[in-house]
1. Could you calculate the contour length gain from residue 35 to residue 176, that is, 0.36 nm times the residue separation minus the distance between their Cα atoms, to one decimal place in nm?
2. For a test of the definition: using alpha carbon positions, the gyration tensor, and the 1.5 limit on a/c, classify segment 88-193 as rounded, prolate or oblate.
3. Quick one: Karplus J couplings for segment 93-107, per residue in order, coefficients 6.51, -1.76, 1.60, θ = phi - 60°, nearest Hz, x for Gly and Pro?
4. Calculate the spin-label point distance for residue 135 paired with residue 93, positioning each point 7 Å from the Cα along the beta-carbon direction, and give it in nanometres.
5. Ignoring any ligand, DNA or RNA, what whole percent of the accessible area of segment 106-188 comes from carbon and sulfur when the probe is 1.4 angstrom?
6. List, in the order given, every pair from 89/139; 39/193; 63/115; 39/131 whose Cα-Cα distance in the structure shown is over 26 Å.
Amino acid sequence: MMKRMAVVLALACCCATGMQAQDAKGPKIAPGTMIAPSKSFDGMLSDFEGEMVPLAEAMPAEKYDFAPSAAIFVPGQGSEYATVSTFRKMVLHIASANYYYGGKVGAMKPDVDVKALANIKDKDAAVAALKASFVFAHKAFATLTPQNAFESVEGTNTRASLAGGLVAHASDHYGQLVEYLRMNGIVPPASRK
């Protein structure tokens with residue numbers, strides 16, 4: 001029982017420290033203050049972009065087509081590795097998804113041929129495409145207002161839920177890409193001191 005209490009207290013301290021660190025980033029805003037949806041969602045997007053772009057830049061160009069294989073994992077694990085995406089494909093998938101979600105959020109047509117992103121073969125072009133997709137997403141998030149944030153776009157999906165969906169979707173892939181870096185002996189930028 002004492003071990004469990006110690007673990008709970010340690011986790012609580014970690015959470016409190018993390019919350020204090022995040023609160024220290026921006027200006028002090030009193031609880032209950034109304035924040036424009038565009039500002040709130042854009043802040044979340046900026047935070048994610050600040051982690052994702054350096055992560056994409058951290059993988060060496062010669063490793064951009066790395067994908068885990070069965071040889072990396074425990075024999076007999078019973079998993080299928082034939083359809084695992086490469087690092088490059090996932091970076092470009094995130095860029096494509098940023099355009100998809102951003103287009104829905106802002107009711108805007110992407111300013112690039114999104115299907116052509118899949119044809120990008122080198123690191124520099126992939127990173128540039130990722131950065132451009134964030135520029136587009138920021139423009140889309142800027143269109144969010146208290147009046148339209150919870151307007152239906154498709155069924156129960158609203159502009160606000162799709163804005164959150166963009167970050168949630170990309171965060172899932174971010175976690176996968178962190179592992180790709182670590183499998184190649186690279187410490188992800190967000191984990192460096």
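1. 47.6 nm
2. prolate
3. 5, 4, 4, 4, 5, 4, 5, 4, 5, x, x, 6, 4, x, 6
4. 2.6
5. Its accessible area is 57 percent carbon and sulfur atoms.
6. 39/193
The values are calculated or read from the model by the stated rules, or taken from the named source; none is laboratory data. Remember, it's a predicted structure, so these values are computed and weren't measured experimentally. Methodologically, a virtual Cβ is constructed for each residue, glycine included, from the backbone with ideal geometry; neighbour enumeration extends over all protein chains shown. Each accessible area value is taken on the protein alone, full model and side chains, heavy atoms only, with ligands, DNA and RNA left out. Shrake-Rupley method; radii C 1.70, N 1.55, O 1.52, S 1.80 Å.
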